[in-house]
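Values quoted throughout were computed directly from the atomic coordinates according to the rules given, and no laboratory measurement underlies them. Since the model is a prediction, treat every value here as computed from it, not as a measurement. Cβ placement follows ideal geometry from the backbone for every residue including glycine, while neighbour counts extend to all protein chains displayed.
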Amino acid sequence: MTWVIKYTEEASKDLEELDNSQKIQVFKAIKKVSGNPLPNIEGGYGKPLGNHSVTRLAGYLKITLKRLGLRVVYGLVRENKTMNIIIISVRSDETVYKMAQQRIK
C-alpha cells in the first residue's frame with residue numbers, strides 16, 4: 001500500500017527550483033519509496049538518519065539520488081501512513097542536513 005505523500009511549503013519551493021528532468025526523477029524516486037518508506041532495517045527503502053555533532057535527525061530518513069546529486073529528507077507518521085517530505089536539496093552532506101534540522105524546528 002502506498003503511503004500518502006505530503007510536502008512542506010519549503011520542500012515544495014525546493015521542487016519548483018529544479019529543472020524538469022530533475023523533477024521527473026525526484027517524483028519517480030519519491031513514488032517508488034512511498035510504496036514502502038520504512039527504514040531499510042524494517043524491510044523498506046528508507047535510509048535512516050542519525051544524530052551528529054551538528055544535526056539531530058534521528059527518526060528521519062533520506063532518499064539519495066546520486067546521479068542528480070540530490071537528497072530528499074522525510075519523516076513518517078505511521079498512524080496516518082503519511083510520508084512528510086522536509087527538504088529536496090543538493091547532496092552536500094552538512095548543508096542539506098543543517099537545512100533539514102532548521103525546517104523541523
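Details
- The set of residues in the range 70-99 that are small (Gly, Ala, Ser) and in a strand (DSSP E or B) comprises GLY75, SER89.
- Residue count for the range 1-17 satisfying the condition of being surrounded by 16 or more Cβ atoms within 10 Å (Cβ to Cβ) and farther than 14 Å from ILE86 by Cα: 1.
- Residue within the range 36-49 that is in a helix (DSSP H, G or I), under 13 Å from the mean Cα position of the chain (by Cα), exposed (fewer than 15 other Cβ atoms within 10 Å of the Cβ) and without any contact (Cβ under 8 Å) to a residue 12 or more places away in the chain present: no
- THR55 vs. criteria over 17 Å from THR2 (Cα atoms) and under 10 Å from the mean Cα position of the chain (by Cα): no
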